[in-house]
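Colleague: First, the structure itself, so that you have it in front of you.
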Amino acid sequence: MVHVNKCDNKKDRRAQWKCLQCKKVSFSPSRPSSEATAGGNSGGESATLDVILKEIREMKKLATTVPTLIEDIKSIKVELIHLKESCEYNSSSLKSFQDQVSSLERGVSQIEKIQNSLAVANKEIANLKSVIETKEQWSRLSNVEVKGIPLKPNENLFVIAKSLGKEVGYEFQKSQINYTSRVPMFNTKEKTIIINFINRYIKEEFVAAARACKTPEAKDVGFGGKRQRVVVNDHLTPEHKKLLTKTRTLAKD
């Protein structure tokens, strides 16, 4: 058996006495009214417009920065062009520098070759000088150098040589002499007498006699009052004289 709620029956009976419009409202409480719907749509449209306007304002702000960005881009472009030119210049300079280094390396190589050639040439020159020095000294083997005899006008060197030979105890004939002459001494106004004998044996005997005497002076060979010592030596080349001086200095020390 079905039980019917009394309260429900009362509501149904009251509803029968309402007008049709009230019944629609009472029976459709959840359906939104047209005014409410219209009001909702108006609010949504306003919100959308605000968003659009905000975005437009932001776009305008961005648009104001576009010229600056364009200028910055142009400036960057110019700087890039300058950078490119600088790189090309540096590359050209580096190429020039490399060419110069290569040229210097070739020059150094040539200099090394020249130095090697000079070393060989200097060695050959030294050998030639030694040969010439030996030959020059050999050509003086028959010569005697006499120092300490003053120079005077119209002198007769043969008479002086003969007087010196007599003083040291070794007399010789004129036929035993090839020639006599005066030669200037280095760094002085004096001139020595060179006597060239016909052979070196006569020369050696004359030098030995003069060294054994040790005391000949200018007054003994016709220069009265001149107590200047007369020295008789082998006629040496300049190089042999330097060697003799060094040897005497070393021996003295």
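Colleague: So which residues in segment 219-253 are in a loop (DSSP other than H, G, I, E, B) and surrounded by 10 or more Cβ atoms within 10 Å (Cβ to Cβ), if there are any at all?
Modeller: GLY222, PHE223, LYS226, GLN228, VAL230, HIS235, LEU236, THR237
Colleague: Looking at SER181, is it assigned to a helix (DSSP H, G or I), in the same structural domain as ARG200 (by TED's automatic domain parsing) and among the hydroxyl-bearing types (Ser, Thr, Tyr)?
Modeller: No; evaluated as a whole, the condition is false for this residue.
Colleague: Of the residues ILE76, ILE160, ILE132, only one is assigned to a helix (DSSP H, G or I) and either of a type in the set (Gly, Ala, Ser) or over 30 Å from ILE195 (Cα atoms) (or both); which?
Modeller: Exactly one of ILE76, ILE160, ILE132 is assigned to a helix (DSSP H, G or I) and either of a type in the set (Gly, Ala, Ser) or over 30 Å from ILE195 (Cα atoms) (or both), namely ILE76.
Colleague: Got at least one residue in segment 204-218 being assigned by TED's automatic domain parsing to the domain that holds GLY148, assigned to a helix (DSSP H, G or I), touching a residue at least 40 places away in the same chain (Cβ under 8 Å) and loosely packed, with under 13 Cβ neighbours inside 10 Å?
Modeller: yes
Colleague: May I pose another question? So GLU145 passes all but one of these: (1) part of a helix (DSSP H, G or I); (2) touching a strand residue (DSSP E or B) at 6+ places or on another chain (Cβ under 6 Å). Which condition number does it fail?
Modeller: (1)
Colleague: Would it be correct to say that LEU164 is at negative phi and in contact with a Lys or Arg (Cβ under 9 Å, 6 or more places away or on another chain)?
Modeller: The answer is no for LEU164.
Colleague: Search segment 164-191 for residues that are over 20 Å from ILE202 (Cα atoms) and pair each with any residue that is in a loop (DSSP other than H, G, I, E, B) when their beta-carbon atoms are under 6 Å apart and the residues are at least 6 apart or on different chains.
Modeller: LYS191/LEU151
The values are calculated or read from the model by the stated rules, or taken from the named source; none is laboratory data. Owing to the predicted nature of the structure, the values given are computational and were not obtained by experimental measurement. Cβ atoms come from the backbone with ideal geometry, glycine included; neighbour counts cover every protein chain shown.
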